[in-house]
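Engineer: Attaching a single structure in structure tokens format; questions to follow.
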Amino acid sequence: MRLRTPLIILLLGIMAVVSASQSNPAATAPTTGSAQAPVSTASQATAPSAAQTSTAADPQYSTFFYTNDTLKLEGYFYKPAGAGPFPVVVYSHGSRAGSERRELPMVYIARVMIPAGYAVIVPERRGYGKSEGQPFSEEIGEDRGPRFVTRLRAEANDVLAAVEYAKANLPIDKKRIVLMGFSFGGIVTTVAAGSSSDFVAVVNQAPGALNWKRSPALVDELLAAAKKIKAPMICMAAKNDATTENVAKICGEAKKHGDSVEVMIYPPFSGAPDPIPNAPGHALFGRYGVDLWKKDALAFLAKHM
């Protein structure tokens, strides 16, 4: 009995310690776990879009700055593994009223291009992200006349300046540069492609679709630029965008004066959670529709690169 009593006391003590540790798991949490910073819901809600939509497996990018018209402008650079030089896709984003000052590296474009062996450059044109200059919504607003066109010419020059910076400073193949853009970025792509012979191919997605019927000045500018495009170009649109006349006419003019041209009209698209009224198909070329057009874009590039 004398031997059993200390043993019973010892067992009761062990049971008490176990019970206490179960009621307070933090007291026995592993050191490695406790060293990890907790995820803040607030920081997730206010983080830049790239953080909200990217994952650890996504391509990584570096940020660079360059100048045009005395403005310090921001850009993002993705590259495949290796030293390069790499063929490169220079991607022009669309407008983003209400969030122009947010940095958007367009990771969904990199997800398509990097596995195929292309580097990607995404210039944040004047007034976007951390780029200097007045935001489009403040400088132009709803004006769709000559001031609108002048602004978009300036943004096209911002893209061309990014290309010049890349040629001098980034591991890209200067003879295999592609221009690609969507919506406002398609306008900028058209104007830039008509202003330079640096490009071997152009991927043009819904260029100016939302303003085609609102701005005769824009139509004139785009058709004039298309006549000067000498590189092969593919024009893409969804059937239920605001119009498909834009791609037919832009690519039509380019075909008369330049290289080979393809026009792709996709079936009506309705996969975006916040579609544009009367133009839901416009969102096809954002991140929600990428799986529907990426094979066509890659096949076009493979043909001409």
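Bear in mind that the values in this text are calculations on the coordinates, not laboratory data. The shown structure was predicted, so the numbers you read here are calculated from the model rather than taken from an experiment. Glycine also receives a Cβ, built like all others from the backbone with ideal geometry; neighbour counts cover every protein chain displayed.
Engineer: Taking H placed 1.01 Å from N in the peptide plane, check which residues at least 5 places from R126 or on another chain put their amide H under 5 Å from its amide H.
Structural biologist: When sequence neighbours closer than 5 places are left aside, there are no close amide H contacts.
Engineer: Give me, ordered by chain and number, the residues 5 or more places off G208 or on other chains with an amide H under 5 Å from its own placed amide H.
Structural biologist: Answer set, sorted by chain and number: S183, F184, G186, I187.
Engineer: Average the reciprocal distances over every distinct pair of alpha-carbons in region 49-304, invert the result, and give the Kirkwood radius in Å. Present the calculation step by step, with values, prior to reporting the outcome.
Structural biologist: On the way: mean 1/r = 0.0557 Å⁻¹.
Mean inverse Cα-Cα distance, inverted, gives 17.9 Å.
Engineer: What order, most packed first, do the peptides 195-208, 146-159 have when packing is the mean number of other Cβ atoms within 10 Å of each residue? Numbers along the way, then the final one.
Structural biologist: On the way: 195-208: 23.5, 146-159: 20.2.
The most tightly packed comes first, giving 195-208, 146-159.
Engineer: Would you mind checking which residues have amide H under 5 Å from D241's amide H? H placed 1.01 Å from N; only 5 or more apart, or other chain.
Structural biologist: Here the answer is G281, since their amide H atoms fall under 5 Å of that of D241.
Engineer: For the pair K167 and A224, what calculated FRET efficiency results from E = 1/(1 + (r/R0)^6), where r is the Cβ-Cβ distance and R0 = 30 Å, to the nearest 0.05? Write out the running numbers ahead of the final one.
Structural biologist: Numbers: r = 26 Å, r/R0 = 0.87.
With a Förster radius of 30 Å, E is 0.70.
Engineer: So for the pair K175, D69, with labels modelled 7 Å out along Cα→Cβ, what separation do we get in nm?
Structural biologist: Reported label-point gap for K175 and D69 is 3.4 nm.
Engineer: What ranking of E139, E164 emerges when the number of other C-beta atoms within 10 Å of each C-beta is taken as an exposure proxy, fewest first? Don't skip to the end; give the middle numbers.
Structural biologist: On the way: E139 16, E164 13.
Final ranking by Cβ density, sparse to dense: E164, E139.
Engineer: Step through the table entries K249/K294; K255/K294; K175/K213; K79/K228, compare each Cα-Cα distance with 32 Å, and write down the pairs that go over it. Walk me through the numbers on the way to the answer.
Structural biologist: Details: K249/K294 23 Å; K255/K294 23 Å; K175/K213 36 Å; K79/K228 30 Å.
Over 32 Å Cα-Cα: K175/K213.
Engineer: Under a cut-off of 18 Å between alpha-carbon atoms, report the aspartates and glutamates in cross-link reach of K295, not counting same-chain residues fewer than 8 places apart.
Structural biologist: The reachable aspartates and glutamates, counting only those whose Cα sits under 18 Å from K295, are E262.
Engineer: Let me ask another. How big is the equivalent ellipsoid of region 80-126 along its three axes, where each semi-axis is √(5λ) from the Cα gyration tensor, reported in whole Å from largest to smallest?
Structural biologist: Details: eigenvalues 117, 20, 13 Å².
Here the semi-axes work out to 24, 10, 8 Å.
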